[in-house]
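Worksheet: one structure, shown below.
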Amino acid sequence: MKKTRLSCSVFFLLLGLYTTSNVQAGRPLTVDDANVNDVGEGHVEGWWTRSPDGSRSWTVAPAYAPAQNMELGAGLSRQQRTGLETLNVQAKFRLTPSQENGCNLGAVVGTARTTGENTKGYVNALLTCNHTSLGSLHTNLGALDFSSGQRIGTWGLAWERAYGEVTAHVEAYGQQQDKPSWAAGMRMNILPKLQLDASMGRQARHNMVTLGTKWMF
């Protein structure tokens, strides 16, 4: 049971690392981008997930940029059947200026706690490379529970590109001692500040699905 809860915790942590700008990576990507919202702007994301183990959950994740190059975010996930909850809070930093045709760096540091478990820290190094015609490539390298001897390395790689009103992506991500996941999805704005999105993927021969929204303010 403890091992199962740890797996759920790690999965929700990965899902919780969604912080976006209006024109860069966001829902439904799991891999994070190296950008943040403009000062005084934010968003609220919400999504439903069917995990590879068959469990279903809801997640709400707000984020806000109180200062230049910094974004504060949080996420609350709850499994529908068990009621197991995971809460994470984090700070995200844009370390170098965003480039329309080039690369920039970012970083995330945060903590997360699953019902019945101790608080765990996580860090993530971010690299985003944009090309005016080919789209954007996002790379992540991080660790979960980095402050203890049980730290787990994480990684992620994603590519996205806009096709008219729809932005499509493919991605792969994973962690030490576990099989990697891959997914593909798309998002589109149905109103100027409201986005709908969806993704489908697989891990260890099991399917996973997410459906979500993002409201920007």
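The values are calculated or read from the model by the stated rules, or taken from the named source; none is laboratory data. Worth saying up front: this structure is predicted, and the values here are computed from it rather than measured. Glycine gets a Cβ as well: all are built from the backbone with ideal geometry, and neighbour counts include every protein chain shown.
Couple of notes before you dig in:
- Looking across Ala34, Ala61, one residue alone is of a type outside the set (Asp, Glu) and touching a Leu at 6+ places or on another chain (Cβ under 6 Å). It is Ala34.
- Every condition in (1) of a type in the set (D, E, K, R); (2) at pLDDT 95 or above; (3) farther than 21 Å from Ala74 by Cβ; (4) exposed (fewer than 14 other Cβ atoms within 10 Å of the Cβ) holds for Lys179 except the one numbered (2).
- Members of segment 187-203 that are aliphatic (A, V, I, L, M) and touching a residue at least 40 places away in the same chain (Cβ under 8 Å): Ala198
- Any hit, segment 93-107, residues being crowded, with 16+ Cβ neighbours inside 10 Å and touching a Lys or Arg at 6+ places or on another chain (Cβ under 6 Å): yes
- Breaking point among (1) closer than 16 Å to Gly26 by Cα; (2) surrounded by fewer than 22 Cβ atoms within 10 Å (Cβ to Cβ); (3) of a type in the set (S, T, N, Q); (4) free of Cβ contacts under 8 Å to residues at least 60 places away in the same chain, for Thr167: (2)
- Every residue from segment 74-86 that is over 14 Å from the mean Cα position of the chain (by Cα) and not in a loop (DSSP other than H, G, I, E, B): Arg78, Gln79, Glu85, Thr86
- Of all residues in segment 49-73 being outside any strand (DSSP E or B) and not acidic (Asp, Glu), the one that is surrounded by the most Cβ atoms within 10 Å (Cβ to Cβ): Ser51
- In segment 103-131, residue farthest from Thr30 (Cα to Cα) [restricted to those that are over 19 Å from the mean Cα position of the chain (by Cα) and in contact (Cβ under 8 Å) with a residue 24 or more places away in the chain]: Gly116
- Within segment 117-132, the set of residues being out of contact with any strand residue (DSSP E or B) (no Cβ under 7 Å at 6 or more places or on another chain) and modelled with pLDDT under 95 comprises Glu117, Asn118, Thr132.
- Residue that is surrounded by the fewest Cβ atoms within 10 Å (Cβ to Cβ), among those in segment 134-164 that are among the polar types (S, T, N, Q) and at pLDDT 95 or above: Thr139
- Val44 being surrounded by fewer than 24 Cβ atoms within 10 Å (Cβ to Cβ), assigned to a strand (DSSP E or B) and modelled with pLDDT of 60 or more: yes
- Verdict on Thr96 being among the polar types (S, T, N, Q) and touching a helix residue (DSSP H, G or I) at 6+ places or on another chain (Cβ under 8 Å): no
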